[in-house]
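Written below as structure tokens is the structure these notes are about.
The values are calculated or read from the model by the stated rules, or taken from the named source; none is laboratory data. Computed from a predicted model, the values in this text were never measured in an experiment. To get the accessible areas, we keep the full protein, side chains included, count just its heavy atoms, and leave off ligands, DNA and RNA. Shrake-Rupley method; radii C 1.70, N 1.55, O 1.52, S 1.80 Å.
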Amino acid sequence: MRLAGTLAVISPHLDDGVFACGELLAAHPGSVVVTVFAAPPADPSQATDWDARCGFATAGQALAARRSEDLRALALLGARPRWLRFCDSQYGATPACEEVATSIAAALEEEHADTVFYPLGLFHSDHRLVHEASRAALARRPAAHAYAYEDALYRALPGLLQERLAALLAEGVAATPVEPPSGGMNAAAKAQAVRAYASQLRAFGLDGYDDTRAPERCWRLDVGRPEIPIAS
């Protein structure tokens, strides 16, 4: 896999980038994590079941704590955050894909990001939206080297990854597995960074984040089926 310029990981929420690409980030200090849903809702006093499970009384309290966790986690990996202005779907306000794509494209341009990792888009509606918006943003940066990473935790659900790859193929998008350039020597650094997201781990439970310890995997997505040479 060829790396060029600044490495950027596009993360739906304040933890997804590290959960899926922590070893990759540790192997490339100076990388940036662009988190899409990193803002509180218009009414920060709003309360949700997920935030309550994480130990928070309000959305404003949750986002302040989660940003602090994100800063600590990324500092441990030698990475830095870039938080976009959208709030996630649990708060009842989902932005349009084009709006998210424009914001991602602007962030990548300003960060001079020439190697980009974005979510494959598994299970969660926010992850699917960020996948589509990332591809739209990357279409504006045709020289960038782009790869879709497997969304940690969700990829462990039986059959979900296979269903997603099949759906992409049905849309005319071929997926080719590639080896992420993490060096395979950064598991301890990633584990420490994962633990920084203490509020989220509380809600997932003791065994709920085991998938963060599994090997990181990513895919190159190409429109159209590749031609496979047949030996004579």
Checklist entry - Which far-off residues, 5 or more places away or on another chain, put their amide H under 5 Å from the one on residue 118, with H placed in the peptide plane? => result 10, 147, 148, 149
Item to check | Kirkwood Rh in Å, taken over the range 74-153 so that all alpha-carbon pairs contribute | outcome: 13.4
Checklist outcome for this item: Sorted by chain and number, the residues with a modelled amide H under 5 Å from that of residue 217, at a separation of 5 or more or across chains, are 150
Item to check | Carbon + sulfur, % of accessible area of the chain - ligands and nucleic acids excluded, 1.4 Å | outcome: 56
Next on the checklist: Quick one: the Cα spread of the range 31-83 along its three principal axes, in angstroms, biggest first?
Outcome noted: 33, 20, 13
Item to check | Whole-number accessible area per residue in Å² for the chain, which is evaluated in the context of all protein chains at 1.4 Å | outcome: 46
Item to check | Value of relative contact order over the chain, rounded to a whole percent, pairs C-alpha under 8 Å and six or more apart | outcome: 27
Checklist entry - Got a sec to turn the phi values of the range 42-50 into Karplus ³J(HN,Hα) couplings, 6.51 cos²θ - 1.76 cosθ + 1.60 with θ = phi - 60°, whole Hz, x for Gly and Pro? => result 4, 9, x, 7, 4, 10, 10, 5, 4
Item to check | Accessible surface of residue 53 - all protein chains present, 1.4 Å probe, nearest 10 Å² | outcome: 120
Checklist entry - Whose amide H sits under 5 Å from the amide H of residue 7, counting only residues 5 or more places off or on another chain, with H placed in the peptide plane? => result 32
Checklist entry - Per residue and in cubic angstrom, what volume does the convex hull of the Cα atoms of the range 73-219 have? => result 137
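Among 91, 154, what's the order by accessible area (1.4 angstrom probe), most exposed first? Mind showing how you got there, number by number?
Working: 91 20, 154 55 Å².
Heavy-atom accessible area, descending, gives 154, 91.
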Checklist entry - For the range 82-95, in order, what is each residue's ³J(HN,Hα) by Karplus, 6.51 cos²θ - 1.76 cosθ + 1.60 with θ = phi - 60°, in whole Hz (x at glycine and Pro)? => result 9, 9, 8, 9, 9, 10, 6, 5, 5, 9, x, 9, 10, x
Checklist entry - Using the alpha carbon gyration tensor of the range 4-154, what are the three equivalent-ellipsoid semi-axes (square root of 5 times each eigenvalue), largest first, in whole Å? => result 24, 17, 13
Item to check | Between the range 116-158 and the range 180-221, the Cα center-to-center distance that results, in Å | outcome: 17
Checklist entry - So what J values fall out for the range 19-32 if you push phi through Karplus, 6.51 cos²θ - 1.76 cosθ + 1.60 with θ = phi - 60°, rounded to Hz, Gly and Pro as x? => result 4, 8, 9, x, 5, 4, 5, 4, 6, 9, x, x, 5, 10
Checklist entry - Counting pairs of alpha carbon atoms under 8 Å apart in space and at least six apart in sequence, what relative contact order in percent does the range 1-74 give? => result 29
Checklist entry - Relative to the longest principal Cα axis of the chain, at what angle does helix 97-110 sit, 0 to 90 degrees, rounded to 10? => result 80
